[in-house]
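Only the coordinates and a few stated rules stand behind these numbers; no lab work does. Only a predicted model underlies this, so the values are computations on that prediction, with no experimental measurement involved. When we count neighbours, we look across all protein chains shown, and the Cβ atoms used for this are built from the backbone with ideal geometry, even at glycine.
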Amino acid sequence: MKLSMFIAGLLGFSTLLLHAQTKNTMNDIHSYANSHEAVITHLQLDLSVNFESKTLSGKAILSIKQKTKALSVVLDTRGLTIQKVTLNDSEKPAKFSLGEVHKIFGAPLTIQITPKTTSITVYYSTSPSAGALQWLEPSQTAGKEKPFLFTQSQAILARTWVPCMDGPGVRMTYSATIRTRPDLLAVMSAGNPTMKTPDGVYKFEMKQSIPSYLLALAVGDLEFRSLGNRSGVYAEPSMADKSAYEFVDLEKMISAAEELYGPYRWERYDLLVLPPSFPFGGMENPRLTFATPTILAGDRSLVALVAHELAHSWSGNLVTNATWNDFWLNEGFTVYFEQRIMEKIYGREYSEMLATLTLKDLNETIESLGATNPDTRLKLDLTNRDPDEGVTDIAYNKGYFFLRLCEETFGREPWDAFLKKYFNENAFTPMTTENFLEHLEKQFAIKQNLELAAKLTINAWVYAPGLPANCPQPSSNEFAKVSSQVESFLNGTQATQLETKGWTTHHWLYFLSKLPDSLRQEKVIELDYAFYFTRSGNSEILCEWFKRCIITNYETAFRPMQNYLMNVGRRKLVKPLYEQLAKTEAGKIWAKEVYAKARPGYHSVTYNTIDGILK
Ligand code: BES
Ligand code: ZN
């Protein structure tokens with residue numbers, strides 16, 4: 001460290017850094033990389049996995065393509081210990097320096113190169129607190145016997161385990177050698193093994209180019225179950241059959257997606273079911289979606305999440321948001337695509353239920369952020385902020401409704417034709433919001449058609465806060481029935497007398513969300529006696545239900561809720577509960593007690609959020 005700082009001083013790197021920060025290709029404000037001068041095209045990893053020290057160590061060989069006569073390559077890093085850097089196959093030692101550490105963005109690694117430099121080898125190890133890595137004790141797994149490791153690179157955490165150009169506007173292919181204990185299987189966002197090897201050494205190759213946020217690795221006691229010709233699921237042995245049951249429709253989903261927007265371009269599509277501390281519902285790591293076990297409801301009712309992650313194989317992984325300010329291009333398109341897949345397989349009524357829930361969540365989010373809040377614009381401004389702050393229902397659900405408005409305005413056929421072409425022509429490239437709007441204009445000539453322009457109000461949707469009045473309104477007959485049952489219940493009909501026959505998870509979610517905050521505790525108890533919500537095995541229903549229990553202080557549910565908070569690490573499911581608890585003095589005290597015990601089991605993504613709520 002001292003030596004590198006000395007070198008940095010000698011070379012006057014601070015000015016170089018400033019330059020790199022302001023002049024990078026896509027103007028990515030969250031990356032130090034100078035990809036406009038020299039860009040990484042291929043990454044070759046060789047890493048050993050050490051569960052005792054909670055570190056990955058080894059080397060990354062980066063192939064670079066020079067664009068200008070650059071004197072240096074600047075990479076993103078955060079918390080990495082750099083042992084040595086060499087140039088080219090000859091491994092000539094290179095001068096390098098680590099810049100000042102920024103809490104969120106990390107430290108730029110500046111490496112001196114010559115016009116002849118074609119590759120850089122960085123010898124390094126990760127820190128035990130690397131944001132992308134979660135090292136699980138055996139007790140945190142289903143099997144309870146073996147440790148587990150998984151990565152989560154999106155949005156800017158790849159730099160905590162790989163020195164790279166960590167912005168979504170840069171793409172590379174990669175290969176990897178991962179060395180671990182022979183009783184564990186390693187899998188990546190690449191071509192994967194289905195069986196353990198005797199020596200614990202695994203080789204991977206990803207031939208399609210990807211941005212760094214899609215780099216992924218998991219190591220654990222995993223088994224593989226085939227689901228079809230090009231799909232399957234990895235899970236811990238005790239979860240494997242349950243997982244295979246839940247995801248039977250996977251091949252159907254892939255075909256439905258292809259019919260909509262063109263061929264699946266990543267060869268295989270497999271799922272990996274992680275232990276419950278995985279902080280997200282799903283993560284679209286190419287060829288191998290990472291998923292929370294909380295979607296294993298036993299009745300296949302939460303598989304829209306798989307459709308979502310699969311859809312990212314087009315929206316996101318093929319056509320990629322150029323910067324995190326354009327995040328809605330990834331998520332809004334994906335929610336739209338997800339619902340089209342669900343409609344194709346399960347029918348319009350089903351997807352309209354999903355859309356209705358999407359609108360409800362969106363309205364709640366806008367209400368809590370405030371309708372004039374700049375963060376309710378589709379095009380975000382995350383300058384000097386953690387891109388994680390952009391992960392709200394705005395990108396997802398406001399994005400969805402804007403695209404649905406496009407569909408309704410242009411008509412489904414022309415709109416689908418446009419999207420298919422859009423994914424095809426822009427495959428493997430970054431996309432800015434402005435560039436997308438140009439594509440739209442080119443196809444539909446909106447500006448010269450006053451009627452069309454007035455119907456779409458593009459600027460209001462993309463650049464203004466709040467929800468425009470022309471937001472499409474989903475309509476669900478099933479939910480209309482649910483609403484009428486809520487009304488009867490509020491008007492005095494006994495819970496046991498309600499007409500709930502045939503209701504699915506979504507009916508119940510809607511039912512629970514429609515209950516007013518003024519509902520009295522005895523009515524909540526009545527519901528529990530009639531429908532056993534507290535004993536539900538469905539993570540989404542439990543979350544909605546526990547919110548209700550907190551509001552009415554229904555004490556019987558608090559112990560099960562504590563269990564839930566201790567066992568589920570998915571941010572979306574625990575955050576609303578801590579938020580609700582934090583609203584009262586007593587609730588906050590209880591929440592802090594539970595959190596003290598639960599926090600060590602949470603991923604950094606989750607505890608960083610909850611820390612903020614309970615501070
Ligand atoms: N790519 C996201 C997860 C993500 C976003 C991770 C931003 C880090 C930063 C993934 O596709 C996603 O949206 N997951 C959702 C599920 C979905 C059905 C809305 C989730 O995890 O809840
Ligand atoms: Zn997504």
The farthest towards the positive end of the charge dipole of the chain, of the residues 443, 206, 403, given +1 on Cβ of Lys and Arg and -1 on Cβ of Asp and Glu, is 206
How would segment 251-332 be classified by its alpha-carbon gyration tensor: rounded, prolate or oblate, with rounded meaning a/c under 1.5 and the a/b versus b/c comparison settling the rest?
oblate
Using all Cα-Cα distances in segment 462-507, what percent lands in each 5 angstrom bin from 0 up to the longest?
5, 17, 21, 15, 11, 10, 10, 7, 4, 1
Provide the per-residue ³J(HN,Hα) series for segment 466-477, in order, calculated from phi with Karplus coefficients 6.51, -1.76, 1.60 and θ = phi - 60°, each as a whole number of Hz, with x at glycine and proline positions.
x, 10, x, 5, 8, 4, x, 10, x, 9, 10, 4
So, with points 7 Å from each Cα along the Cβ direction, the residue 457-residue 92 label distance in nm works out to 6.2 nm
For the residue pair residue 84 and residue 194, what label-to-label distance in nm results when each label sits 7 Å from Cα along the Cα-to-beta-carbon direction?
4.1 nm
Rounded, prolate or oblate: which one fits segment 499-586, using the alpha carbon gyration tensor with axes a ≥ b ≥ c (rounded when a/c is under 1.5, else prolate when a/b beats b/c, else oblate)?
oblate
May I ask you to compute the full-extension gain from residue 129 to residue 493, defined as 0.36 nm times their residue separation minus their alpha-carbon distance, rounded to one decimal in nm?
125.7 nm
Using 0.36 nm per residue, how much length does the chain from residue 501 to residue 437 gain when fully extended, once their Cα-Cα distance is taken away?
18.5 nm
Out-of-range pairs (alpha-carbon distance over 25 Å; input 65/420; 54/95; 103/547; 95/207; 523/615; 54/144):
65/420; 54/95; 103/547; 95/207; 523/615
To the nearest Å, what is the center-to-center distance of segment 126-150 and segment 345-409, using C-alpha atoms only?
33 Å
Given 239, 189, 577, which one lies farthest toward the positive end of the charge dipole of the chain, if we put +1 on the Cβ of every Lys and Arg and -1 on the Cβ of every Asp and Glu?
189
Full-extension gain between residue 589 and residue 104, please, as 0.36 nm times their residue separation minus the C-alpha to C-alpha distance.
171.6 nm
Residue 35's amide H: which non-local residues (gap 5+, or another chain) put their own amide H closer than 5 Å, with H modeled 1.01 Å from N in plane and none for Pro or chain starts?
25
Taking a ≥ b ≥ c as the square roots of the eigenvalues of the Cα gyration tensor of the chain, is the shape rounded (a/c under 1.5), prolate (a/b larger than b/c) or oblate?
prolate
Whole-Hz Karplus couplings 3J(HN,Hα) for segment 319-328, θ = phi - 60° and coefficients 6.51, -1.76, 1.60, Gly and Pro as x, run 9, 10, 3, 5, 9, 6, 5, 9, 3, 5
Given +1 on the Cβ of Lys and Arg, -1 on the Cβ of Asp and Glu, and no further charges, what dipole in debye does the chain carry about its Cα centre, rounded to the nearest 20?
1500 debye
Test of understanding: extend the Cα→C-beta vector of residue 48 to 7 Å, then name every residue of segment 99-137 with backbone N under 14 Å from that spot.
124-126
Segment 365-470: Rg to Rh, with Rh as the Kirkwood radius over Cα pairs
0.98
Between residue 450 and residue 475, what's the calculated FRET efficiency when r is the beta-carbon distance and R0 is 30 Å? Round to 0.05.
0.60
Using the Karplus equation 6.51 cos²θ - 1.76 cosθ + 1.60 (θ = phi - 60°), what ³J(HN,Hα) coupling, rounded to whole Hz, does each residue of segment 168-177 give in order, writing x for Gly and Pro?
x, x, 10, 10, 8, 8, 8, 9, 8, 10
Run lengths n ≥ 4 of DSSP H only: what is the helix-derived mean residue ellipticity at 222 nm for the chain, with -39500 (n - 2.57) per run over all residues, to the nearest 500?
-12000 deg cm²/dmol
I'd like the orientation of helix 505-514 relative to the chain: the angle between its Cα long axis and the longest Cα principal axis, in ° from 0 to 90, rounded to 10.
70 degrees
Calculate the length of the line joining the C-alpha centroid of segment 177-229 to that of segment 310-332, in whole Å.
24 Å
